[in-house]
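All remarks here apply to the structure that follows.
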Amino acid sequence: MQRVHLFRHGQTDWNQLGRFQGQSDIELNAKGREQARDLLPYFRGHPVQTFLSSDLSRAEETARILADELQLELQTEARLREIHFGEAEGLTSAEIQGRWGTQAMQAFYSVEPEADDFRFPGGESKLEAMNRALLGIEEFLQRTGHAAIGVACHGGIIRRVLKELAPRASRPERIHNGDVFELVHSPSGWSWQFE
């Protein structure tokens, strides 16, 4: 079994403003860097052999702060990027509702199977994003054979992964900056460690 500690990047200015970042490359703000440092006790208590990160700067910098402090390597993986929101990137929830209606926001946040293929115009679906992210992690685990890794990722990806691994379980309503979830990968597939 291989353990994956999947965590959301620290805060950005767009997070504060409630803007959908998607694959726009927005840097951490001062609070986001502090949130990254706040993850150090977790990773001291849950040792990993390396860090893997989305190549977007907000995730990469979060992981870099941890990797440097813990003297571990960091590799980036483009498949771990946030869901591509297409024309919705940079907009707030209110702006999205004004443009595409409340149904679009409901479909985006829905965990029901019929909403898996929802996408904003010009973007990708939640299912497509989750599949590429899990594949990127799986290939990294197969290639390295590491027993435990830290993975810096994004809220939309994490939400979709948790929904896939535990469709009937109680899941967090919101993935906050700096939240960590422990996943287990085995030959039979993935599971989510509940704590």
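The values are calculated or read from the model by the stated rules, or taken from the named source; none is laboratory data. Bear in mind the structure is a predicted one, so any value in this text is a computation, not a measurement. All Cβ positions, even for glycine, are placed from backbone atoms using ideal geometry, and neighbour counts span all protein chains on display.
Brief remarks follow.
- Scanning the range 19-69 for residues that are within 30 Å of Gly145 (Cβ to Cβ) and among the hydroxyl-bearing types (Ser, Thr, Tyr) yields Tyr42, Thr50, Ser53, Ser54, Ser57, Thr62.
- Filter result for Glu82 (assigned to a helix (DSSP H, G or I), within 23 Å of Glu27 (Cα to Cα) and modelled with pLDDT of 95 or more): no
- Here is the figure for the range 27-64: residues that are among the hydrophobic types (A, V, I, L, M, F, W, C) and surrounded by fewer than 21 Cβ atoms within 10 Å (Cβ to Cβ) total 4.
- Index of the failed condition, Phe85 passing every other in (1) closer than 20 Å to Met130 by Cα; (2) of a type outside the set (Asp, Glu); (3) touching a strand residue (DSSP E or B) at 6+ places or on another chain (Cβ under 8 Å): (3)
- First in the range 45-64 and closer than 12 Å to Phe140 by Cβ and of a type in the set (Phe, Trp, Tyr), second anywhere and crowded, with 23+ Cβ neighbours inside 10 Å and at pLDDT 95 or above, Cβ under 6 Å, 6 or more apart: Phe51/Ala63; Phe51/Gly150
- Looking across the range 15-30, the residues that are under 17 Å from Ala152 (Cβ atoms) and either free of Cβ contacts under 8 Å to residues at least 40 places away in the same chain or among the aromatic types (Phe, Trp, Tyr) (or both) come down to Asp25, Ile26, Glu27, Leu28, Asn29.
- All of Glu114, Glu195, Glu173, Glu182 fail the test of being charged (D, E, K, R) and either surrounded by 15 or more Cβ atoms within 10 Å (Cβ to Cβ) or modelled with pLDDT of 95 or more (or both), apart from Glu182.
- For the range 143-170, taking the residues that are at pLDDT 85 or above and among the small types (Gly, Ala, Ser), the one that is surrounded by the fewest Cβ atoms within 10 Å (Cβ to Cβ) is identified as Gly145.
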